[in-house]
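What follows is calculated from the coordinates using simple rules that are stated; it is not laboratory data. What you see is a predicted model, and the numbers here were worked out from it, not measured in a lab. So basically every Cβ, Gly included, is an ideal-geometry build from the backbone, and we count neighbours across all protein chains shown.
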Amino acid sequence: MFWMKKRMEVFLGMDYERGLLLLKDYAEHGELSFRLDFEGILPFEAISYFGMHNKTTHTEFKNQIATDFSKLFPYMDEHCKEIVSGPPFCIYHKFDDLKNRVKYTIGFPIKNIITFSNKNFHIGNLPQMKVHSIKIKGPYKYIENAWMAQTMHMQGKKIKASKKNPPFELYLNDPNTTKENELETQIAFPIR
């Protein structure tokens, strides 16, 4: 078991931090400010998207994704707002807690392909697929709880994640105009 020491330290530490955050929320408010809805297996239609790829550490991820969205939103608003066809999202190509690395793409689905000159952005595609979906209503700080719940749920139901399509989050309402407890995020795991 010594070969699992590092992995166990990381995962138990993360569980401990998530648990303390929940306990703090419950102690301060008398209730938990998020809800999970297991939506099960759903179809996902193919999309083209306008996005931005980046990598960072797990430690810096929350700050970096906020910075990236602060670059993407204004460019999208100015150059391609009329072709946006759905909510913003984040695709997780790699999320390695042990090596403290995250590779991801943020973006918006678009109705048609566009050309643009900014090299920080790109056009990409997500194929048609089936996904196992969970929806969380509440602050973004609890998204890790939803990921863990979904992972455990899929393992318990013996649902196999796709090896060729990475998981992603869809941000269903705007954090700038929505109360924190009303934020809705869909987490989708492509399945085999």
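With the cut-off at under 16 Å, measuring from each backbone N in the range 58-84 to a point 7 Å along the Cα-to-Cβ line of ILE123 picks out 76, 79-84. Tell me which trypsin sites (Lys or Arg not before Pro) from the range 65-104 have a DSSP coil assignment and no more than 11 other beta carbons within 10 Å of their own. Within the range 65-104, the qualifying trypsin sites (Lys or Arg not before Pro) (loop, at most 11 other Cβ atoms within 10 Å) are LYS99. First measure r as the distance between the Cβ atoms of ARG192 and ALA46, then evaluate 1/(1 + (r/R0)^6) with R0 = 22 Å and state the FRET efficiency to the nearest 0.05. Taking R0 as 22 Å, the efficiency between ARG192 and ALA46 is 0.80. Computed about its Cα centre, the charge dipole of the chain is approximately 1060 debye, with only Lys, Arg, Asp and Glu carrying charge at their Cβ. The angle separating the long axis of helix 61-79 from the principal Cα axis of greatest extent in the chain is about 20 degrees. What residue among PRO175, PRO166, PRO139 has the largest mean-square fluctuation in a Gaussian network model of the chain, using Cα springs under 10 Å? Looking only at PRO175, PRO166, PRO139, the largest GNM fluctuation is found for PRO175. Hey, what angle do you get for helix 5-29 against the long axis of the chain, alpha-carbon based, 0 to 90 degrees rounded to 10? For helix 5-29, the angle is close to 90 degrees.
Under the shape rule built on the C-alpha gyration tensor, where the axes satisfy a ≥ b ≥ c, the range 88-130 is oblate, since a/c reaches at least 1.5 while a/b does not exceed b/c.
Once Rg and the Kirkwood radius are both taken over the C-alpha atoms of the chain, their ratio Rg/Rh works out to 0.97.
Remark: the range 20-125 carries a charge dipole of roughly 520 debye about the Cα centre, counting +1 on each Lys and Arg Cβ and -1 on each Asp and Glu Cβ. Based on Cα contacts under 8 Å between residues 6+ apart, the chain shows a relative contact order of 27 percent. Can you grab the distance from the C-alpha centre of the range 25-62 to the C-alpha centre of the range 101-123, Å, no decimals? For the range 25-62 versus the range 101-123, the Cα centre distance is 19 Å.
The ranking of LEU98, LEU126 by Cβ neighbour count inside 10 Å, starting from the fewest, reads LEU98, LEU126.
Taking 7 Å along the Cα-to-C-beta vector as the label spot, tell me the GLU182-ASN112 distance in nanometres, rounded to one decimal. About 3.5 nm separates the two model spin labels.
For a straight C-alpha distance cut-off of 18 angstrom, the lysines reachable from LYS160 (same-chain residues fewer than eight places away being disregarded) are LYS94, LYS130. Per-residue ellipticity at 222 nm from helix content only, as computed over the chain with -39500 (n - 2.57) for each DSSP H run of at least four residues, stands at -10500 deg cm²/dmol.
Result for the chain in a Gaussian network model with C-alpha springs under 10 Å: among ILE136, ILE47, ILE114, the largest mean-square fluctuation is at ILE114.
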